[in-house]
Ligand code: B3K
Ligand code: ZN
């Protein structure tokens, strides 16, 4: 692939007025007629040709205003169609005919087949695999779609917009016509056809329009779409109440398919979903599955305004729709569930996924300035850090200032394709604020490191805070400017009350937010007595690393008293990190690992505090993961030592807390039938983590085996199975439970994925053999992305000791898998390869093995642009 630069952006020479597509469906030979009306943009050179994008296309026909065009007037290759001698200003019509083979489309981009269903995926550049087109997000037009297909095989034929009509067409065939009045870019086009079941409902919008809601699933799975439908209606209502956004067509459709490259896709009025994020019932879906469904249904729905009505000028602006929409779905989930617990989950995810990306060879700004393969930029930096940047705007401007900026954005840019600057300007204009320095968050990659020290002067009652920010060098960005970092803080007194300073010097403080804007800054608070304990970056107001040598006593004080629940969790986590990293160092130097009693008591106090919600207490008990510890250690990492240290700390917590865990295991079973609501889910998570600790304290699989036998829902069942398989992998109980589990759900692919990933993440060097065996299992379907992610992906991303075997065998295995997957599905291969993004922080011998495996990939004779881009950046 060629490098694309943000600086080279220019608008198209031709303006597209209308799109009229006719599909004659055939599994291997679908005919696509595309009628496009264009006119030359004012001021454009009258001799400039029209250049359309293609990808593996063959041109079968080309008409100009319904007449055959002489071949001398155009050039067609698989990648482009160039038409010359076009009118200087009048509109003209081109009719382009292509034939495509959905059955052979294993990339799952463009028009493809999944379980006998026709389905499309066009973002980012899939539309050009259907027909020649100006396939870029700043070309917006209304679309009329006609689908003609075999009547018996395709009782359902869907596209974007409102349904115009349908009827019989000719012998055995039928047609359906759709019109989408809202001008949209090609990446939001969708077509679905086949034999599907449907769940119907309706929603009345705030101005009284009735919207038909439809969720299409495979026949027989209708009942499992009920929760998704409920989540959709709640999302529609919430967007009206919170953002004033109303739905704008008379129908909203969701289709669940089983072969899909990502979670879901926000095509206008016709969202296509990975069925994993639609289908749920208590027997087969966990609480986490329910929460994911709620969040993703909301995310795609919210795109209708942030992404579809207002779209991106070019793909560099991806965070404009993704970061903002993630922020919106986070807020939605926070309103539906517990805000503090939701925030904890977000920060865990950000730190475990985005921080490593930002600290490694794949680091890039939230708004990148160049790319070789755009599909590799649907990253956790664009999504999650992009959301954090939006959250910081809300923190800086306050609730009403943020709302004023959003309202202006919707009003000013509706129907346009815009930039991050346009977005930020709305907040500046609505609030009369200058966000120039703040905007560096979009341009500078790397997680800022804020070094903190404090000093208290008893005699003057002044508390001085010294802050220094450092933004690490990242690929292409050796030096950085200081950024505007909003840090929420509290000064907590002895008795737990929050102290209010009488004055502040040295920088701006608004409410409970301190604004770090310079490289080095001292804030002095007066009127503080006695010495306060500083709680900093409460609710994770800024996505930064803090370097602050706080004493365990101070951390325990925050964990006990802060009024911000998130900050209490953060302090406990910090205490855990101190113990875990010290544990790794002790093990390496041959010392016995000892846990700080202050840590154990703070942790168990929180876990046992009945005034706190169970979900929070479960989060408190969930220790930082092995990769979290690796990140905290920074480099030269030995995954075995990290695993051993973490196991030792788990054991210490389990021993100390055994009576509490016994009590929680008895008390936290929700009464009555299973319900996926947040409160019940919180109880289950507390009970299940207690079970996990008891497996250490009791050093026996007995309780987990009983829990497995007694489970009446998938959350409890999968947790018990995980304890058995991960803690006692060689026991007959584990083997039997794995067998029971699989045979009970035989034929349910989504449950099989849980079975694959539980086994792929069993710690230790033996995992590789297990994964290889499972790949030979008939239930493993190599062409299905969910299966590949569940088995190969879970192994590479979530099994630190298994994947990082000292002999490097698993890296070589992954290299082979990547090359094999790449033949069929480059996007999937590139994504799984990013599991090696932190290879440079491994100890030397492993890093060496990882390096050779990456070289093995790089040297391959056939490599997709997707994998080539990732592997080359990782080796740079
Ligand atoms: N916009 C899609 C992601 C498309 C990924 C293309 N490689 C889903 C989402 O973020 O809502
Ligand atoms: Zn999105």
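Throughout, read-outs are computed from the coordinates displayed, never taken from laboratory work. For clarity, every value in this text was computed on a predicted model and none was experimentally measured. All Cβ positions, even for glycine, are placed from backbone atoms using ideal geometry, and neighbour counts span all protein chains on display.
Based on the Cβ-Cβ distance from residue 202 to residue 79, what FRET efficiency comes out when R0 is 56 Å, to the nearest 0.05?
Values: r = 45 Å, r/R0 = 0.80.
E(calc), rounded to 0.05, equals 0.80.
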Extension reserve of the residue 517-residue 416 stretch, reckoned as 0.36 nm per residue once the Cα distance is removed: 33.0 nm
Distance between the range 1-79 and the range 807-876 - C-alpha centres, whole angstrom: 36
Cα-only radius of gyration and Dmax that characterise the chain, units Å: 28.1, 95
FRET efficiency for residue 470 and residue 669, using Cβ-Cβ distance with R0 set to 51 Å, rounded to 0.05: 0.55
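Need the full-extension length gain, residue 434 to residue 731, defined as separation in residues times 0.36 nm minus the C-alpha distance. One decimal, nm.
Working: separation 297, 0.36 × 297 = 106.92 nm, distance 6.32 nm.
Full-extension gain reported as 100.6 nm.
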Estimated inter-spin distance, residue 104 and residue 493, nm [label 7 Å along Cα→Cβ]: 7.8
Residues of the range 170-214 with amide N under 18 Å of the 7 Å Cα→Cβ point at residue 749: 192-198
The chain: angle of helix 844-858 to the longest principal axis, Cα-based, in degrees nearest 10: 0
Cα→Cβ-extended label distance, 7 Å offset, between residue 44 and residue 765, nm: 6.3
Ascending count of other beta-carbon atoms within 10 Å, so fewest first, for 89, 493, 453: 89, 453, 493
Distance between modelled label sites at residue 150 and residue 588, nm, 7 Å Cα→Cβ extension: 6.3
Spatial separation of Cα centroids for the range 578-642 and the range 84-157, in angstrom: 52
Within the chain, helix-based [θ] at 222 nm, where runs of 4 or more DSSP H residues each add -39,500 (n - 2.57), nearest 500: -12500 deg cm²/dmol
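How much length would be gained if the chain were fully extended between residue 115 and residue 622, taking 0.36 nm per residue of separation minus their Cα-Cα distance, in nm to one decimal? The partial results should precede the final answer.
On the way: separation 507, 0.36 × 507 = 182.52 nm, distance 3.91 nm.
Extra length available between residue 115 and residue 622 comes to 178.6 nm.
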Efficiency of FRET from Cβ geometry, residue 171 and residue 500, R₀ 60 Å, rounded to 0.05: 0.15
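Using the per-residue mean of other Cβ atoms lying within 10 Å as a proxy for protection, in what order, highest first, do the peptides 317-327, 257-267 fall?
Working: 317-327: 25.8, 257-267: 22.1.
Highest mean packing first, the order is 317-327, 257-267.
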Distance between the range 196-272 and the range 422-459 - C-alpha centres, whole angstrom: 37
Angle between the chain longest axis and helix 639-667 axis [Cα atoms, degrees, rounded to 10]: 80
